[in-house]
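Before any comments, here is the structure.
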Amino acid sequence: MTANTSKWAYLWALSLIWGSSFILIKKALLGVTPLQVGTLRILLAATTVLVIGWPSLKVISKRDWTWISAAGLLSSFFPPLFFALAQSEIDSGVTAIFNSLTPLNTTLVALAFFGAQMSKKQVVGVVIGLLGTWLLLATGASLRADQNYAYVGFILASSVGYALNINIIKNKLAHLGPMSITAGSFAVVVVPAAIVLLSTGFAPDLSQAVVQQSLISLLILAVLGTALANILFNKLISLSSPVFAASVTYTIPLVALFWAWVDHEPLYPAQLAGGLIVLVGVYLTQKKPKKI
């Protein structure tokens, strides 16, 4: 399989896995609090990754650990917590649409911190993407008064974190293998996640069916949607550009919206229009700058 074929295979596999993560978060929240969902997801995923990838930590130098720590916090610690908090107030399908801003943010981060240059088309793309985001926020807040759209801030913060993580891996950790990066990132976040979980007083009543179902959803989410997905994603970054890797968020909403439809979540035409505008903006920002 050629590198070009491989990167597309990784892209579609990640789309399916991560696109299904939003509905799994929703199901997990039925019996567990948002902070518990986030921290359990981290700890279960870290256990899986470290059991497999512990030997790969040996190749990480002291200098690399600074960037590994940053990447771990930005992609493997805060986003799982933030997405659980966001979905405690916002539907899974809408959350996935907002997450599609990641490629746009990846371009902006590359421009601001990693010496990339932005073309005119990318500037237009950023403006269009921001307009689509505004439409999503405005229509969501007016059409779904039962939901707190201030929690979108958690999704946007996660998107920026993912964008920083992608650029750090491509520009500062490209000499390391995907397993080393993934294992190192999770090794960094185990202790903070455990501290947060203990602070919640986690003591699940396993006799309740809803708690059992939540924990099963969490296990699937952690092993497939976090551990395996992070390994695949870091491999994708090594095979492609940061912006191509971030373009997985194009197809994630399609899978997420399918599951939202199956779960009878309402989605209004104005919200779909906002999501489409965001994707048009994202498409334009993917036009390669001169340096990235």
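Each reported figure results from applying straightforward, stated rules to the coordinates on display, with no laboratory input. Model, not experiment: these values are computed from the prediction. Cβ placement follows ideal geometry from the backbone for every residue including glycine, while neighbour counts extend to all protein chains displayed.
Observations, loosely collected:
- Contour excess over end-to-end distance, with Cα ends at residue 174 and residue 124 and 0.36 nm allotted per residue: 15.0 nm
- Highest average packing first - 11-22, 205-216, 221-232, 159-170, Cβ atoms within 10 Å: 159-170, 221-232, 11-22, 205-216
- The order of 8, 67, 54, going from fewest to most other C-beta atoms within 10 Å of their C-beta, is 54, 8, 67.
- This model, with +1 at the C-beta of Lys and Arg and -1 at the C-beta of Asp and Glu, gives the chain a dipole about its Cα centre of some 1280 debye.
- Note on residue 211 and residue 134: the model spin-label points, each 7 Å out from Cα along the C-beta direction, lie 4.8 nm apart.
- Above-threshold pairs, the threshold being 23 Å between Cα atoms, out of 58/170; 58/235; 27/170: 27/170
- A Cα-only calculation for the chain places Rg and Dmax at 18.3, 59 Å.
- Full-stretch length increase - residue 200, residue 264 - with 0.36 nm per residue and alpha-carbon distance subtracted: 19.9 nm
- Here the extension length gained between residue 4 and residue 114 equals 37.2 nm, from 0.36 nm per residue of separation less the Cα-Cα distance.
- Going by neighbour counts of Cβ atoms within 10 Å, the residues 126, 262, 278, 59 line up, fewest first, as 262, 59, 126, 278.
- Mean sequence separation of contacting Cα pairs (under 8 Å, at least six apart), scaled by the length of the chain, corresponds to a relative contact order of 44 percent.
- Here the residues 76, 240, ranked from fewest to most Cβ neighbours within 10 Å of their Cβ, fall in the order 240, 76.
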